[in-house]
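First comes the structure, then the notes that go with it.
The values are calculated or read from the model by the stated rules, or taken from the named source; none is laboratory data. Treat the numbers as computed from the prediction; the structure is a model and nothing was measured. With ideal geometry, Cβ positions are generated from the backbone for all residues, glycine too; neighbour counts draw on all protein chains shown. Please note that ligands, DNA and RNA were not included when accessible areas were found on the heavy atoms of the full protein model with its side chains. Shrake-Rupley method; radii C 1.70, N 1.55, O 1.52, S 1.80 Å.
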Amino acid sequence: MKHPFKFTAILMCILSGPIMAKDIEISCDQDDSQNPRVLALAPSGAKRIKPHTLQVNWQAGKHLFKDTPPFDEPLSGRAWHYCTYNTQTRQHLILIEDEGMFSGELLNEHTGKIIAAGKSVRVTTDLSLYFSIQQPSGFDGEEWQIFNAEGKVLWKGLSVAENNHSITAEYIEPRWSDNNQLQARHRYLRKNPEQLPMAPSNQMP
């Protein structure tokens with residue numbers, strides 16, 4: 001089934017006023033993902049069964065997320081952290097720190113299925129489309145992806161526009177509209193950091 005939007009025009013700018021949307025946000029914004037109160041968000045339970053093994057239970061089973069060495073070196077190895085659970089989508093969000101890439105996976109509480117996501121996810125109200133954000137360490141922008149409910153990637157790109165290896169604009173505040181179109185603000189970057197005007201665009205970064 002083809003989707004009604006075109007990927008080359010999926011990011012639309014709102015010239016003024018806040019972006020209003022009723023989409024669903026699932027985000028890794030916890031200060032301490034190992035805090036018992038964070039792990040208690042999992043309806044079927046989540047815990048560290050070993051210092052480097054995270055267990056997340058779902059309705060009819062469990063999944064183990066195992067860190068890989070080196071464990072104590074920044075931006076090296078792989079580390080898993082439990083973020084949150086969303087009741088509307090029935091999805092757990094688990095953060096991955098993998099060799100300097102901050103991303104995530106979604107675990108379905110009902111089916112146990114895991115799909116790739118990001119450290120932050122926005123879902124359409126009909127649960128048909130997911131938008132995710134990944135953050136490479138040391139990169140000024142973000143990696144954006146759109147995928148369907150089965151985890152198939154439909155589009156991917158960057159949150160910045162470049163010219164001659166210099167970032168000239170950025171897309172911020174992504175949101176799903178009521179008709180399942182992804183919206184974001186398009187902000188030009190000038191040499192004077194105090195002047196960051198908003199401007200319309202109908203092209204992908």
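Determine one quarter of the surface area of the Cα convex hull of the stretch 36-171, which equals its mean projected area, and express it in nm² to one decimal.
Across all orientations, the stretch 36-171 yields a mean hull projection of 9.3 nm².
Do any trypsin sites (Lys or Arg not before Pro) in the stretch 78-143 lie in a DSSP loop with no more than 10 other beta carbon atoms within 10 Å, and if so, which? Don't skip to the end; give the middle numbers.
Details: sites: R78, R90, K113, K119, R122; in loops: R90, K113, K119.
Loop-located and lightly packed - none at all.
In whole angstrom, and with the biggest value first, how far do the Cα coordinates of the stretch 77-121 range along each principal axis?
Reported extents, whole Å, longest axis first: 30, 16, 14.
Going by average Cβ density within 10 Å per residue, which order do the peptides 92-103, 52-63 take, highest to lowest?
Packing order, densest peptide first, comes out as 92-103, 52-63.
Which sequence of F139, F65 reflects their accessible areas, 1.4 Å probe, from the largest down?
The ranking, largest first, comes out as F139, F65.
Would you work out the relative contact order for the stretch 54-143, in percent, from Cα pairs under 8 angstrom that are 6 or more residues apart?
Working: 194 pairs, mean separation 17.8, N = 90.
Across the stretch 54-143, relative contact order equals 20 percent.
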